[in-house]
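Data first, discussion second: the structure below is written as structure tokens.
The values are calculated or read from the model by the stated rules, or taken from the named source; none is laboratory data. Everything numeric in this text was worked out from a predicted model, so none of it was measured. Ideal geometry is used to build each Cβ from the backbone, glycine not excepted, and the neighbour counts take in all protein chains shown.
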Amino acid sequence: MANTTFNGPVRSENGFQDITVNATTGAVTVDATFGATTSVTNLTTTNLVFTDQNHPSTAAINATATATAAEVATGYITSTSASPTTITLPTGTSLGAAIGAARGTVLELYVDNTAGASTVTIAVATNGILSSAAADTPGSFGDLTIASGVTGLARFTIMFSSATAYVFTRTA
């Protein structure tokens, strides 16, 4: 089938599928489905930008602990602790493996302490370092403490310099 170029919106009531056809067997593999619920099953493209920050699953960490790679990979951690809590991030190796990181991979991590009664502090682990912005301006990019109550929201950016090492910065 030939390529088709459209001028104007392309619409479908039942979504779209990106497929691959095996040249030898003719077997069809669905690589991505685009619709009300979008899923990607075989992703090899680099330099993707995701703007939808909907987090269908979150992790709750309500006491001092090391977060698992799976908890951080949700992109959203809540805490409702009544006492000060420190959440240590997983190692670069385990977090990188959990999200399939490579050099240039970026993960946004939100920490929600609005229902907490005390502060939450984030700490980095092995193969995780604070960015130069965080080290140079600890009161903003390097502020790793999240207040409790209505102002208790923070966004952090985790940028991978390799598959096993990340740089950590507070971005909001």
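Quick check: anything in region 150-167 more than 19 Å from the chain's Cα centre (by Cα) and not in a loop (DSSP other than H, G, I, E, B)?
yes
If I filter region 98-115 down to residues being in contact (Cβ under 8 Å) with a residue 40 or more places away in the chain and over 13 Å from residue 154 (Cα atoms), which single residue comes out as surrounded by the most Cβ atoms within 10 Å (Cβ to Cβ)?
Pass one, region 98-115, residues in contact (Cβ under 8 Å) with a residue 40 or more places away in the chain: 101-113.
Next cut, over 13 Å from residue 154 (Cα atoms) only: 101-107.
Values: 101: 23, 102: 11, 103: 11, 104: 11, 105: 19, 106: 14, 107: 18.
So, considering only residues that are in contact (Cβ under 8 Å) with a residue 40 or more places away in the chain and over 13 Å from residue 154 (Cα atoms), the one surrounded by the most Cβ atoms within 10 Å (Cβ to Cβ) is 101.
Hey, can you tell me all the residues within region 57-90 that are hydroxyl-bearing (Ser, Thr, Tyr) and part of a strand (DSSP E or B)?
Passing the criteria: 66, 76, 78, 85, 86, 88.
Sort through 136, 112, 143 and tell me the only one that's more than 14 Å from the chain's Cα centre (by Cα), modelled with pLDDT of 95 or more and among the charged types (D, E, K, R).
112
What number of residues in region 134-148 are over 15 Å from residue 59 (Cβ atoms) and either touching a Lys or Arg at 6+ places or on another chain (Cβ under 9 Å) or surrounded by 15 or more Cβ atoms within 10 Å (Cβ to Cβ) (or both)?
Summing the residues that are over 15 Å from residue 59 (Cβ atoms) and either touching a Lys or Arg at 6+ places or on another chain (Cβ under 9 Å) or surrounded by 15 or more Cβ atoms within 10 Å (Cβ to Cβ) (or both) in region 134-148 gives 8.
Picking from 64, 91, which residue would you name as being hydroxyl-bearing (Ser, Thr, Tyr) and surrounded by fewer than 17 Cβ atoms within 10 Å (Cβ to Cβ)?
Every option except 64 fails the conditions.
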